Amino acid sequence: EKDGYPSFMEKEINEQPEAVAATLLGRSDIDGKLILDEMRIDADVLKTINKIIVLACGTSAYAGQVAKYAIEHWCRIPTEVELSHEFRYRDPIVDDKTLIVSLSQSGETMDTLMAVRYAREQGAKTIAICNTNGSTIPRESDAVLYTHAGPEIAVASTKAFLAQITAAYLLGLYLAQLRGNLFQGQIKDILADLGKMPAKIATILDNSEQIKELARSMADTRSVLFLGRHVGYPVAMEGALKLKELAYIHAEGFAAGELKHGPIALIEEGQPVIVVVPSPRGRDSLHSKVVSNIQEVRARGAMTIVIAEEGDESVREYAEHVFYIPETTPLLAPLLTTVPLQLFACALATAKGFDVDQPRNLAKSVTVE
Ligand code: M6R
């Protein structure tokens, strides 16, 4: 069933173009109008919500953080992301104007289920973004937007993550359409960019040897730091989580702007730092700020590994290794920048001789609180 791949994880990483394509399929028409048939919440209700709370755990929560950036930018609805297990124990402010978006690959994560139940009791409307048909969280929600990644067997989430981000973009565009925040033409352009993602992910997969080779050469590494900004920040945290889970290496993801507020003290000779560089075409001066961060850590001895957009030559002189990803709309970049980090963690763990499908101490779905 592994289709010739040595592990389910490798198979699932390589299925990501299809996972994204299948999640987009049939959800918009040629004019760029979103058709989310499953959205059983009344349009009038969705027009009046004044706050979104995204609830999830682990990798799904990182997808939620990407969702926050997109939804706030496109829909102008205040959106917070909260770990499900923190949410209901802190007396959160939830009412019938709150939209809860839960993200769960399995649909069975107990922490998220309990948080959704709690929010519903407070009168909130709930939408589940889920990869498992008929699972508990969608059954207990007002509406569901299924991701069509196909079954994910490996404990570490990969294709479900990209599919969750894709579904969250669709939800954001749907709300923007409904509430009139974006012109139809703008939505159509973003959908066209999303439609190009499967081919771009495939390009990264076709050129994966360089990053795998680097990963294999780092099998003795004790710690790796990941930096990112804007949507690259949750990607950095996801890259770190994959490395912890699979290779049992201490890894930490930071918002690059936080560096000088503490983490830069960790940098010593030879410390590997993986930096997700924002597009030079992105917001404000984020690109140059992150390039300065690369210089800062390098000046203190860091070994810098950079993920940057094709054509971005400015990073070369500060990086030991550069991996290029195809160009895209800056908000959509996580669908691409995540992939080299998955490949890196998987190859490094394999080089250490670990079972990437069944990492120690972990279960595929966490069905206890
Ligand atoms: O099934 P869920 O999406 O609710 O699972 C949430 C987390 O348990 C899950 O993403 C976990 O962090 C994975 N092991 C990450 O690779």
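The numbers here are math on the coordinates, done by the rules we state, and not lab data. Keep in mind that what you see is a predicted model, and the values were worked out from it rather than measured. All Cβ positions, even for glycine, are placed from backbone atoms using ideal geometry, and neighbour counts span all protein chains on display.
Once the convex hull of the C-alpha atoms of the stretch 230-350 is built, how many Å³ does it hold per residue, rounded to a whole number?
Values: hull volume 11.5 nm³, N = 121.
Given the Cα convex hull of the stretch 230-350, per-residue volume reads 95 Å³.
Evaluated at q = 0.13, 0.18 Å⁻¹, a Debye calculation over the C-alpha positions of the stretch 4-146 (equal weights, vacuum) places log10 I(q)/I(0) at -0.59, -1.10.
Helix-only estimate, please: 222 nm mean residue ellipticity of the chain, summing -39500 (n - 2.57) across DSSP H runs of length 4 or more and dividing by its residues, to the nearest 500.
That calculation yields -13500 deg cm²/dmol at 222 nm.
For residue 54, the residues 5 or more places off, or on other chains, whose built amide H falls under 5 Å of its own are 80, 81, 82, 101.
Across 194, 36, 246, mean-square fluctuation computed from a Gaussian network of the chain (C-alpha pairs under 10 Å connected) peaks at 36. Note on the chain: GNM, Cα springs under 10 Å; of 346, 130, 75, the largest mean-square fluctuation is that of 75. Extension gain, residue 296-residue 199: 0.36 nm per intervening residue step, less the Cα-Cα distance, totals 31.4 nm. Taking each residue as 0.36 nm, the span from residue 314 to residue 220 lengthens on full extension beyond its C-alpha to C-alpha distance by 30.9 nm. Sorting the segments 208-214, 58-64 by their residues' average number of neighbouring beta-carbon atoms within 10 angstrom, most packed first, yields 58-64, 208-214. Applied to the stretch 7-23, the Karplus parametrisation 6.51 cos²θ - 1.76 cosθ + 1.60 on θ = phi - 60° returns per-residue 3J(HN,Hα) values of 8, 5, 4, 5, 4, 5, 4, 6, 8, 5, x, 5, 4, 6, 4, 5, 6 Hz, with x for Gly and Pro.
May I ask which of 2/200; 11/68; 33/364; 68/196 have a Cα-Cα span longer than 25 Å here? Kindly include the intermediate steps, with their values, before the conclusion.
Values: 2/200 23 Å; 11/68 29 Å; 33/364 36 Å; 68/196 22 Å.
Check vs 25 Å cut-off fails for 11/68; 33/364.
Proximity of backbone amide H atoms, modeled 1.01 Å from N, is registered between residue 226 and 252, 253, 254, 274 at under 5 Å, excluding neighbours fewer than 5 places apart on the same chain.
The overall shape of the stretch 171-270, judged from the alpha-carbon gyration tensor, is oblate: a/c is not under 1.5, and a/b is no greater than b/c.
Phi-derived couplings, Karplus 6.51 cos²θ - 1.76 cosθ + 1.60 at θ = phi - 60°, listed residue by residue for the stretch 49-54: 5, 10, 7, 10, 10, 9 Hz, with x used for Gly and Pro.
When the chain is treated as a GNM with alpha-carbon contacts under 10 Å, the residue of 25, 243, 103 showing the greatest mean-square fluctuation is 25.
Computed from Cα positions, the angle between helix 159-179 and the longest principal axis of the chain comes to roughly 50 degrees.
The mean sequence separation of alpha-carbon pairs under 8 Å and at least six residues apart, normalised by the residue count of the chain, gives a relative contact order of 19 percent. Which angle between 0 and 90 degrees, to the nearest 10, do you get for helix 184-195 versus the longest principal axis of the chain when only C-alpha atoms count? Around 50 degrees separate the two axes. Residue-wise HN-Hα couplings along the stretch 355-369, as the Karplus relation 6.51 cos²θ - 1.76 cosθ + 1.60 with θ = phi - 60° gives them from phi, are 7, 6, 7, 10, x, 4, 6, 10, 10, 5, 10, 9, 9, 10, 6 Hz; Gly and Pro carry x. Computed on the stretch 129-210, the Cα convex hull volume stands at 115 Å³ per residue. Against the chain, whose longest principal axis comes from its Cα atoms, helix 286-299 is set at around 30 degrees. Paramagnetic label reach from residue 192 (point 7 Å along Cα→Cβ; backbone nitrogen cut-off under 11 Å): within the stretch 9-51, residues 32.
Summing Lys and Arg as +1 and Asp and Glu as -1 over all other residues whose Cβ lies under 14 Å from the Cβ of residue 26 gives a net charge of -1. Over the stretch 69-170, the fraction of Cα-Cα pairs per 5 Å bin, rounded to whole percents and listed from the shortest bin up, is 2, 13, 23, 25, 21, 12, 4, 0.
Taking the inverse of the average 1/r across all pairs of different Cα atoms in the chain, what Kirkwood radius in Å do you get?
Details: mean 1/r = 0.0483 Å⁻¹.
The Cα-based Kirkwood calculation yields 20.7 Å.
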